[in-house]
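Trainee: Could you have a look at this structure, given as structure tokens, before my questions?
The values are calculated or read from the model by the stated rules, or taken from the named source; none is laboratory data. Computed from a predicted model, the values in this text were never measured in an experiment. Cβ placement follows ideal geometry from the backbone for every residue including glycine, while neighbour counts extend to all protein chains displayed. Protein only, heavy atoms only, side chains kept; ligands, DNA and RNA dropped before computing areas. Shrake-Rupley method; radii C 1.70, N 1.55, O 1.52, S 1.80 Å.
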Amino acid sequence: MEVFTDKHLMREWSRRVRQAGETVALVPTMGALHEGHLRLVELASAEADRVVVSIYVNPTQFDRAEDLAKYPRTLHTDLKALEGTSCKAVFAPTEMYLPGSATWVTVEGLTDHLCGLTRPGHFRGVTTIVSKFLHVVEPDVAIFGNKDYQQRRVLEQMVRDQDFPIRVVAAPTVRERDGLAMSSRNARLPPEARQRAVAIPRALEAAKDSYDGGERRVGALLGPVRTALEAAGATIDYVEIADDATLAPLPDEARITTPAVLAIAAFFGGVRLIDNVALYG
Ligand code: PAF
């Protein structure tokens, strides 16, 4: 496994691979790798001949300086974890923005809702950095996890609108044994908050059961989710059922008539967690 910190050397490697007739998959990450990331690598290796993992804590996507400061930086352990996988190259730049950098990539519409509302500037930072990674690595395929559902949708839109010759693959959410979605943030949960956080997947599962049982009233589906999260001591950022095409939340009085997604963002022990479930069919 090769490790690059220089973008030119990274691009050269990737071009060499592709000139030799092989394909490249990129798994963008901010490090603090866990089992969920390793599954993305596994999935990537089924999609292309060579897998590149990028590791970079992107400052422009953090809306709170405190969150950026607390974000775990574990490059040494991350590289060790990747050694046992099919990852062939790691791109771990120390800096991605040139001094005086003044260009942003912004996706409109999909970013107006959910995390886009409560984390101003977040998606602009994500789309800008991922666009830069796609220019450096020039992959054939890029893999994004469905836990960050809005992020994956926004990035698909960016790839399409900006004519990147890249296929985006959505990876299923990987969960802990008790159902909590795997996230680098979970390591920051105090033990008692970690136990309470299981309320998120349980509430999502109960809502999905109710939906599968025929409930289509938005308020009737969301009410028990909000109650369960509050009972578990969460501070709710948002709990919404959004139209899947636009990600615009449906009002409580509405009924679901087209594909939708139930999305949660909530704080447990001061740590912001997100999760979602698709409501289709
Ligand atoms: O999902 C993440 O870890 C980040 O948002 C990403 C896509 C690597 C961009 O920094």
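Trainee: Give me the helices (runs of 4 or more DSSP H) completely within the range 188-281, filtered to those with at least 1 residues that are within 22 Å of Asp112 (Cα to Cα), ordered by residue number.
Mentor: 218-231
Trainee: Across the range 152-181, what is the total count of residues that are open to solvent by less than 50 Å² (accessible area, probe 1.4 Å) and either away from the ligand (no atom under 12 Å from the Cβ) or part of a helix (DSSP H, G or I) (or both)?
Mentor: Result for the range 152-181: 15.
Trainee: Which residues, counting only those in the range 201-240, are of a type in the set (D, E, K, R) and either touching a Leu at 6+ places or on another chain (Cβ under 8 Å) or surrounded by 14 or more Cβ atoms within 10 Å (Cβ to Cβ) (or both)?
Mentor: Across the range 201-240, the qualifying residues are Arg202, Lys208, Glu215, Arg216, Arg217, Arg226, Glu230, Asp237, Glu240.
Trainee: Now for a separate question. Can you tell me which residue within the range 113-151, out of those that are assigned to a helix (DSSP H, G or I), over 23 Å from Lys7 (Cα atoms) and within 9 Å of the ligand (Cβ to nearest atom), is least open to solvent (accessible area, probe 1.4 Å)?
Mentor: Across the range 113-151, the extreme among qualifying residues is His122.
Trainee: Every residue in the range 1-10 that is open to solvent by less than 30 Å² (accessible area, probe 1.4 Å) and either assigned to a helix (DSSP H, G or I) or within 14 Å of the ligand (Cβ to nearest atom) (or both), please.
Mentor: Listed by number, the list holds a single entry, Met10.
Trainee: How many residues, within the range 55-85, are of a type in the set (D, E, K, R), open to solvent by less than 20 Å² (accessible area, probe 1.4 Å) and more than 18 Å from Val41 (Cα to Cα)?
Mentor: Counting residues in the range 55-85 that are of a type in the set (D, E, K, R), open to solvent by less than 20 Å² (accessible area, probe 1.4 Å) and more than 18 Å from Val41 (Cα to Cα) gives 1.
Trainee: Same structure again: Quick check: is even one residue across the range 65-84 small (Gly, Ala, Ser) and within 13 Å of the ligand (Cβ to nearest atom)?
Mentor: For the range 65-84, residues small (Gly, Ala, Ser) and within 13 Å of the ligand (Cβ to nearest atom): absent.
Trainee: Which of the residues belonging to the range 91-112 are without any contact (Cβ under 8 Å) to a residue 60 or more places away in the chain, open to solvent by less than 50 Å² (accessible area, probe 1.4 Å) and aromatic (Phe, Trp, Tyr)?
Mentor: Tyr97
Trainee: Spot the failing condition for Trp13; the list is (1) in a helix (DSSP H, G or I); (2) open to solvent by less than 50 Å² (accessible area, probe 1.4 Å); (3) within 16 Å of the ligand (Cβ to nearest atom), and only one is missed.
Mentor: Looking at each condition in turn, Trp13 falls short on (3).
Trainee: So Lys88 ticks every box in (1) of a type in the set (D, E, K, R); (2) over 19 Å from the mean Cα position of the chain (by Cα); (3) farther than 21 Å from Leu43 by Cβ; (4) at pLDDT 95 or above but one. Which box is left unticked?
Mentor: Single failed check for Lys88: (3).
Trainee: If you take the residues in the range 36-51 that are touching a helix residue (DSSP H, G or I) at 6+ places or on another chain (Cβ under 9 Å) and open to solvent by 50 Å² or more (accessible area, probe 1.4 Å), which one is nearest to the ligand (Cβ to nearest atom)?
Mentor: Arg50
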